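Enquirer: This is the structure, below, for whatever I ask next.
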Ligand code: EPZ
């Protein structure tokens, strides 16, 4: 298994290209199932999760053609499509549940493996099932699969009012895609407002869908008979951008994040500015950018993860790494997932002072971490250990970086490009 060797202590300088967003690309790849026409996606990040999703679609009969370096690809879900998502693929990536809505909406049936457990929490899909049932689907869970179909030979889902018990990102995305081809109007209440959802809605609208209110907690969808092909550019990855902002804030330096969208990262940027980092953002001939400058130890920041536009849970671990070497104490409260402090014990191996109690972690900032071998346990935990390694004295070895490759497009190459001493050990 690949590892990363990092020698800490270097400030970072230069420019980094922010890739397309994993959490937009995954639902948008699934949305290509909604039409028999070819759909072109550009700015698709080169990630293991994207490769897994392509494998899943390929397994159903979707034909894909890739177009060179800039991450463009054309997907063609022409008939026949086998509406099945097997356990072997779903178990490696929970986002596979995002095929449920499109398959039911276009083919009236689907057999999708339940995702099973996850390192960061139980993560059930009960709301997804509840929403599809509200739109008229019959769903039974048997032999580890959700077996879904439309009763009485019905051809289309029907519009419905769906109000979920909690805000769910992929749930909202599944309902958006299903409702786009349903008969009548659908109203999503308590909908997730993440930028990736608004980006998916923009793609569906380009395919002919009728959607209003995306990016708010109430979304209206007027179903249409048929959707057509389109070309859509995947939005920039705000979590990748946030990860680099925390890395530079921790190491010190001056870095421009090309294509970074500050308007999608306000909660994180507010905390970084309070900590003492200098952040500028704008648009120039090269497009959107965020510039971050920092030097010396910053002030530790307490925060609480919530749904967008609040502080993202996917940035919790990375910001905790920054707090480990900042001045003062910080209280970190994780409200979205019940088991998302797996990185804490690994950071303690690097000398960090952290105490956890249920949803709360209290971090006491110290002068210096000391390099050691640590193990990645999930995607964002692995990114936080890379940040910790960039500031630790001596060498840090991060093991099991297959977690990192799931959601970061060539992170060590990008870090080396701005001066980090980091390499992949095969
Ligand atoms: C999405 O996961 C993201 N994944 C996650 O990013 C992110 O952490 C999460 O949203 C929250 O922002 C993708 O977009 C592919 P949820 P999702 O449904 O949709 C509970 C990363 O690092 N819930 O919004 O699976 C659930 O257990 C990943 O890139 C139910 O109980 O998350 C959780 O506590 C990790 N029943 C809460 O709701 C349901 O049916 C929010 O989960 C659905 C969710």
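Computed from the coordinates by the stated procedures, all read-outs in this text should not be read as laboratory data. Keep in mind that what you see is a predicted model, and the values were worked out from it rather than measured. Heads up, the Cβs are rebuilt from the backbone with ideal geometry, glycines too, and the neighbour counts pull from every protein chain shown.
Enquirer: Answer yes or no as to whether residue 191 is assigned to a loop (DSSP other than H, G, I, E, B) and buried (at least 19 other Cβ atoms within 10 Å of the Cβ).
Expert: yes
Enquirer: Turning to a different aspect of this structure: When the residues of the range 139-177 are filtered to those that are within 15 Å of the ligand (Cβ to nearest atom) and closer than 14 Å to residue 108 by Cβ, which remaining residue is surrounded by the fewest Cβ atoms within 10 Å (Cβ to Cβ)? Break it down into steps so the answer makes sense when it comes.
Expert: Of all residues in the range 139-177, those within 15 Å of the ligand (Cβ to nearest atom) come to 139, 141, 146, 148, 162-177.
Next, only the ones that are closer than 14 Å to residue 108 by Cβ stay: 139, 148.
Values: 139: 17, 148: 23.
Checked the range 139-177; the qualifying residue surrounded by the fewest Cβ atoms within 10 Å (Cβ to Cβ) is 139.
Enquirer: Still on this structure, please answer the following. Return yes or no: is residue 297 part of a loop (DSSP other than H, G, I, E, B), over 16 Å from residue 356 (Cα atoms) and more than 16 Å from the ligand (Cβ to nearest atom)? Please lay out each step first, then the result.
Expert: Numbers: part of a loop (DSSP other than H, G, I, E, B): yes; over 16 Å from residue 356 (Cα atoms): yes; more than 16 Å from the ligand (Cβ to nearest atom): yes.
Here the answer is yes, as residue 297 does meet what is asked.
Enquirer: Might you check whether a residue that is in contact (Cβ under 8 Å) with a residue 40 or more places away in the chain and within 15 Å of the ligand (Cβ to nearest atom) occurs anywhere in the range 73-91?
Expert: Among the residues of the range 73-91, not one is in contact (Cβ under 8 Å) with a residue 40 or more places away in the chain and within 15 Å of the ligand (Cβ to nearest atom), which makes the answer no.
Enquirer: Residues that are within 16 Å of the ligand (Cβ to nearest atom), crowded, with 18+ Cβ neighbours inside 10 Å and more than 15 Å from residue 407 (Cα to Cα): does the range 15-24 have at least one? Steps first, please.
Expert: So in the range 15-24, the residues within 16 Å of the ligand (Cβ to nearest atom) come out as 18-24.
Filter once more, keeping what is crowded, with 18+ Cβ neighbours inside 10 Å: 18-24.
In the following step, the residues that additionally are more than 15 Å from residue 407 (Cα to Cα) were identified as none.
Scanning the range 15-24, I find no residue that is within 16 Å of the ligand (Cβ to nearest atom), crowded, with 18+ Cβ neighbours inside 10 Å and more than 15 Å from residue 407 (Cα to Cα), so the answer is no.
Enquirer: Pairs, please: C-beta under 6 Å, at least 6 apart or cross-chain, first residue touching a residue at least 24 places away in the same chain (Cβ under 8 Å) and within 10 Å of residue 98 (Cβ to Cβ) and in the range 160-181, second more than 14 Å from the ligand (Cβ to nearest atom) and part of a helix (DSSP H, G or I)?
Expert: Final answer for the pair search is 177/102.
Enquirer: Only one of these conditions is not met by residue 51: (1) more than 21 Å from residue 401 (Cα to Cα); (2) within 16 Å of the ligand (Cβ to nearest atom); (3) out of contact with any strand residue (DSSP E or B) (no Cβ under 7 Å at 6 or more places or on another chain). Which number is it?
Expert: (1)
Enquirer: Consider the range 257-310. How many of its residues are surrounded by fewer than 16 Cβ atoms within 10 Å (Cβ to Cβ), closer than 21 Å to residue 198 by Cα and in contact with a helix residue (DSSP H, G or I) (Cβ under 6 Å, 6 or more places away or on another chain)?
Expert: Final tally of qualifying residues: 1.
Enquirer: What number of residues within the range 182-207 are away from the ligand (no atom under 13 Å from the Cβ), touching a residue at least 60 places away in the same chain (Cβ under 8 Å) and over 19 Å from residue 134 (Cβ atoms)?
Expert: The qualifying residues number 3.
Enquirer: Continuing with this model, one more query. Could you list, in sequence order, the residues of the range 106-138 that are within 8 Å of the ligand (Cβ to nearest atom) and buried (at least 19 other Cβ atoms within 10 Å of the Cβ)?
Expert: Across the range 106-138, the qualifying residues are 120, 125, 127, 128, 129.
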